[in-house]
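Values quoted throughout were computed directly from the atomic coordinates according to the rules given, and no laboratory measurement underlies them. Predicted model, so just to flag it, every value in this text is computed and none were measured. Virtual Cβ from ideal backbone geometry, glycine too; neighbours counted across all protein chains shown.
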Amino acid sequence: MENGIDFLHVLDPDMSSKIFMCLEDLFDLVRVSAVSSSWRKHVIANGLCKQLCLRLFPQLSKVDNVIELTSSTKNPAEVGPSNSMEWESLKQEHRAYTFLARGFTSFAVKQLILEPIAASSTDNFPEESIDNTLEPSERTGPAGQIASYWSSKGQSNPAVPETLTYKLDGNLCLINEINIQPFQAFFQWGLPIYSAKAVRFRMGHVKRPKPPAGRPLDVLQDSVHDSFVWTYTSKVFPMAQENRLQNFKLPEPVLCIGGIMQVELLGRVQKQEMDSLFYICVTHVQIMGRSLAPAFSVDIDEHSKSLTLKVLSYNQPSPPEIPSTNSSFYGRRHVRDLRQIVNILRGDVNIPDYDWGEEDDESDDEEFVL
């Protein structure tokens, strides 16, 4: 060891980089950069942390600029051309990709849906809207009397697909799995389950400016496919016709750049006896993974398709909290439940067709329309 020779001094830079890149864990590469000043300089100068991130997530190859917007960044003295702007840029990039890789493995796994955007169709809007898929329970309201689910419009062709599109909690998310629970109509004869035959998932970003605030989601449904660019499409997963939260695990975690996710429901199974049409109904949707917000954000250039990675903080995000009842979703849920409770008390319950206040010995034999 006393007569050891640093291989960086005897090998050319390319061969030295190939040796370092045999490491598969970025944290090992970070440890290597702490061995000596010459090793640290080599790791930073050759962008090895960035290269390892690109190996793990090729989508990051479109990042052509890294910006630090945090005031907490400190630049300790480095061995090398410390006064060079190029060297400072390389150090900034090294910090950003090192912390980015840390986020991929150590940020908390949580439910990533921030809010629903639109469904391809809705049978009774807003009572059976996509908003209901954020509610874990299939029943809400007093004594669990109000069914909570999204319902498509009925179709005579069972092959007609449907989509549910969501905005995620951050425009840079690592997604591991999606959980979906079909709805079982407990108020219909035979307790039918309105599942899809299969599901597929798309991830991407907004293509054009967001529609004006206050525009109802049912108006957006016809144009939702034209509003986004999809950069990832999963394989098709079969769905069981079972009333449970079904798990669809992606073969590998997928980096969603842009924060938009779409659940595509393929094929219809259940026909409603009342109108002989096929429906798809969903009780609950979960998109599980790691959000890199608020530490990171990304800007997408629509013309060049290039990305700008923004570092907003080098602090580890706090563990996810239980959603507050003041959140936008729970506010909408509260208003919806209050509206339906008022309708129940008034006897005005035509959407959906429940009449909980009516006492009828034959009520168990009646069918209700989704």
Trypsin sites (Lys or Arg not before Pro) within the range 276-310, DSSP loop, no more than 12 other Cβ atoms inside 10 Å: Lys305
Potential lengthening between Leu54 and Thr70 on full extension [0.36 nm per residue; Cα-Cα distance subtracted]: 3.4 nm
Footprinting exposure proxy for Ile113, Ile178 (fewest neighbouring C-beta atoms within 10 Å first): Ile113, Ile178
Spacing of the two label points (7 Å from each Cα toward its C-beta) at Lys249 and Ala159, in nm: 3.4
Gain on full stretching of the segment that runs from Ser89 to Arg102 - 0.36 nm per residue minus C-alpha separation: 2.7 nm
Net length gained if the chain between Glu24 and Asp275 were fully extended (0.36 nm per residue, minus Cα distance): 84.6 nm
Spin-label pair Asn176/Val236, simplified geometry with 7 Å Cα→Cβ offset, distance in nm: 2.9
Sequence-distant lysines (8 or more away, or on other chains) whose Cα lies within less than 16 Å of Lys207: Lys167, Lys305
In order through the range 296-301: 3J(HN,Hα) via Karplus (6.51 cos²θ - 1.76 cosθ + 1.60), integer Hz, x for Gly, Pro: 10, 9, 9, 9, 10, 7
